[in-house]
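**Q** Submitted below is the structure of interest, expressed as structure tokens.
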Amino acid sequence: MPILPKSLITIGTGLLTARTARRLRRNDGALAEQANTLAHLTTRFATTSFWREAGIRQKLDYATFQTLAPPRTYEHFTTPIERMKRGEADVLWPGRCAHYAVSSGTTAGRTKYLPITAGMLDHFRQAGLDSLLYYTARVGNAGVFRGRHLFLGGATQLSPISESRPFAAYAGDLSGITALNLPGWVEHHLYEPGTAIAQLADWPAKIAAIAARTANRDISLLAGIPSWVLILAEALRQQRPATRHLQDLWPHFECFIHGGVPLAPFAEELRAALGPTVNFHEVYPASEAFIATQDAEPAAGLRLMTNAGIFYEFLPMSDFDESNLAALGPKTVPLAGVKTGIDYALLLTTPGGLARYVIGDVVRFISTAPPRLIYVGRTQLQLSAFGEHVIEKEITDALTTVSQRHRWSPVNFHVAPIFAHTASGQNRGRHEWWIELKVGSSTAPDPVLLAQELDIELQRLNEDYEAKRQGGGLETPLVRLVLPRVFEHWLRQHGKWGGQSKTPRCRSDRLIADALAPLHHD
């Protein structure tokens, strides 16, 4: 297929921007889009062996779908996915599947191999383009398509799955798989850092190569995890010492895309590194699906992508019990049943063949017309060892508020419980904060005073935590300011260094905290 000239792409994206803006102004289409999506997915499921055995047939109504397909975690799909990896056709989705996204995840559990079928590739292409059009509709022009788009994603080098032989199946980072399957016009006119550099798995070497390649490129968009974006910005400034920020280097640079980790702890440093007029555009991607994207001001939340091939369901966290998911099917609601202000576990039905899949994320709706939500945390990443029910977002918000007050720059952090131990004289539980601050960001804080400020903030944000503290059920938290690169060492030990990988912010056990302790004291 011939590659379109850049001028036609600019004209075409301008027309698509106007059409997207009109669609987003309508607030009545999401429910119909979701109904059509479910009808399409069940029609495809009905042609596969796994779902036929479950009773799935074409164009099921939602009530019957709820009855036939109970909510499931990844473990319930391992057997059919293993069949797919060995080359069996028509198992969860029509046809064979040769590519599998290895989920980095945020818990310390087993590796997940998520099928990236042709249908999933179509979804990610459409959702990725739609997300950019949400951005251009929001700012009122398609100028971002005139420059090149730099993605700090995972390595595109895929690994053969040995147990799949003689069938040729491959596994790798989702961003790498999608980068290998870009439309020709995107790869030719927009995509950076190019195919050769994109294959690199050594992140320091990759950052150096990207800096060398892009210093003289016309970059209009940059996407990546904040910590790695800051490292790239510093590498570029070292090449060009007179450069104050990236807009000095790239005059048409206008959009920074971020998602997957809270931005607030990095916001001030990012603004200084990127430039004063760069627009921040938040997205909500996962290895299982591209879920939501920004279409208004940040406080409005992210707009659920209801017309990109994914069917969504929501299970109130007040009913959530992972050990008894099969009985909770009737408790879930589709988009039509959600309410604002309630925390929901998110379930997805996808063109990867996964139905009512509990991905482990918790979301909260800000509005229902249009459907906008915020990411709250993980179902398994909560602090509730003492009944305090503290979520990831509250922990992040507390640290962000305190850090901004004192102009500290957190690099990474994790919070875990310390349980009562009468032998040591500790009769009540407490929280233990492991915090790495950027070297030279400010005068190092007193850990005791920092603990007191975090305690006050968390009591302000969470009534259950406040009740436990005021009632004597929890002691004042303990803060440990860790040595530089402690979290990097932990990520490297678990094969999660670079790309989209991140440290879990909290757990109700000490699985991660106890692993950090020897690294901190080495």
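**Q** Residue by residue through segment 22-35, note down the ones that are surrounded by 13 or more Cβ atoms within 10 Å (Cβ to Cβ) and either assigned by TED's automatic domain parsing to the domain that holds TYR134 or out of contact with any Phe, Trp or Tyr (no Cβ under 9 Å at 6 or more places or on another chain) (or both).
**A** Correct list: ARG23, GLY29, ALA30, LEU31, GLU33.
**Q** Could you list, in sequence order, the residues of segment 460-487 that are within 31 Å of the chain's Cα centre (by Cα), buried (at least 17 other Cβ atoms within 10 Å of the Cβ) and without any contact (Cβ under 8 Å) to a residue 40 or more places away in the chain?
**A** Correct list: GLU466 only.
**Q** How about segment 27-89: which helices (runs of 4 or more DSSP H) wholly inside it have at least 2 residues that are out of contact with any strand residue (DSSP E or B) (no Cβ under 7 Å at 6 or more places or on another chain) and under 30 Å from ALA369 (Cα atoms)?
**A** Ranges flagged: 30-45, 62-68.
**Q** OK, next. Can you tell me which residue within segment 337-392, out of those that are polar (S, T, N, Q) and within 24 Å of GLU466 (Cα to Cα), is surrounded by the most Cβ atoms within 10 Å (Cβ to Cβ)?
**A** Among those that are polar (S, T, N, Q) and within 24 Å of GLU466 (Cα to Cα), it is GLN382.
**Q** Going by the conditions given, is ARG125 in a helix (DSSP H, G or I), free of Cβ contacts under 8 Å to residues at least 60 places away in the same chain and farther than 30 Å from ASN324 by Cα?
**A** yes
**Q** Residues ALA327, ALA420, ALA355: which one is under 23 Å from the mean Cα position of the chain (by Cα) and among the small types (Gly, Ala, Ser)?
**A** Being under 23 Å from the mean Cα position of the chain (by Cα) and among the small types (Gly, Ala, Ser) holds for just one of ALA327, ALA420, ALA355, which is ALA355.
**Q** OK, next. If GLU187 satisfies all but one of (1) of a type outside the set (Val, Ile, Thr); (2) touching a residue at least 12 places away in the same chain (Cβ under 8 Å); (3) within 18 Å of ARG213 (Cα to Cα), what's the number of the condition it fails?
**A** Here GLU187 meets the rest and fails (2).
**Q** Name the residue, out of ILE257, ILE231, ILE197, ILE225, that is farther than 30 Å from ALA137 by Cβ and either within 21 Å of the chain's Cα centre (by Cα) or crowded, with 22+ Cβ neighbours inside 10 Å (or both).
**A** Checking each option against the conditions leaves just ILE231.
The values are calculated or read from the model by the stated rules, or taken from the named source; none is laboratory data. Since the model is a prediction, treat every value here as computed from it, not as a measurement. Because the Cβ atoms are built from the backbone with ideal geometry, glycine has one as well, and the counts that use them run over all protein chains shown.
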